[in-house]
Amino acid sequence: MVLGRILVVARDQQERDDLEKLLLDAKYDARAVGDVMGAYWMLRGFPAALVLLDGRLPREDRDELRTVLGIEPRLRGVRILALDASLEPEETLERVREALARG
């Protein structure tokens, strides 16, 4: 059983890979991209419930994603969670569970 669809947005390839693997191992349907435009295009075909953003992304990138999600009617309900790279894997999963539960 899949627990939810999650899109990871992180510039660093290793961080993307690590987060995607963590989520897949925890039974989430996860995909990962490296930038905001990639996130927009991925979300058009992968209706995620949650977008995990690298907390180190520039504020302009985070704001751009929020704007893009607000423009596209079917993406308006997608939640965004900015993550701190210093979190332990279990803390990351806990924040994901909390964000999805707030749905």
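The values are calculated or read from the model by the stated rules, or taken from the named source; none is laboratory data. Because the structure is a prediction, the values reported are computed rather than measured. All Cβ positions, glycine included, derive from the backbone under ideal geometry; neighbour counts span all protein chains shown.
Cβ-Cβ contacts under 8 Å between residues 6 or more apart (or on different chains), taken from a first residue in segment 6-30 that is without any contact (Cβ under 8 Å) to a residue 24 or more places away in the chain to a second residue that is acidic (Asp, Glu) and not in a helix (DSSP H, G or I), are absent.
If the requirement is being touching a residue at least 40 places away in the same chain (Cβ under 8 Å) and either part of a helix (DSSP H, G or I) or touching a Gly at 6+ places or on another chain (Cβ under 7 Å) (or both), which of these qualifies: Leu52, Leu65?
Values: Leu52 fails: either part of a helix (DSSP H, G or I) or touching a Gly at 6+ places or on another chain (Cβ under 7 Å) (or both).
The unique qualifying residue is Leu65.
The number of residues in segment 27-37 that are surrounded by fewer than 18 Cβ atoms within 10 Å (Cβ to Cβ), farther than 15 Å from Glu72 by Cα and not basic (Lys, Arg) comes to 3. In this structure, Arg95 does not qualify as of a type in the set (D, E, K, R), loosely packed, with under 14 Cβ neighbours inside 10 Å and either at negative phi or not in a loop (DSSP other than H, G, I, E, B) (or both).
Across segment 1-19, the qualifying residues are those that are out of contact with any Phe, Trp or Tyr (no Cβ under 8 Å at 6 or more places or on another chain) and in a loop (DSSP other than H, G, I, E, B), and the one among them that is farthest from Ala85 (Cα to Cα) is Met1. Here segment 38-74 is the region considered, the condition is being among the hydrophobic types (A, V, I, L, M, F, W, C) and at pLDDT below 90, and the residue that is surrounded by the fewest Cβ atoms within 10 Å (Cβ to Cβ) is Ile71. Gly77 meets the conditions (1) free of Cβ contacts under 8 Å to residues at least 40 places away in the same chain; (2) surrounded by 17 or more Cβ atoms within 10 Å (Cβ to Cβ); (3) closer than 20 Å to Glu98 by Cβ in every case but one. The failed one is (2). Taking the condition modelled with pLDDT under 85, surrounded by 14 or more Cβ atoms within 10 Å (Cβ to Cβ) and outside any loop (DSSP other than H, G, I, E, B), does Leu22 pass? Against the criterion (modelled with pLDDT under 85, surrounded by 14 or more Cβ atoms within 10 Å (Cβ to Cβ) and outside any loop (DSSP other than H, G, I, E, B)), Leu22 does not qualify.
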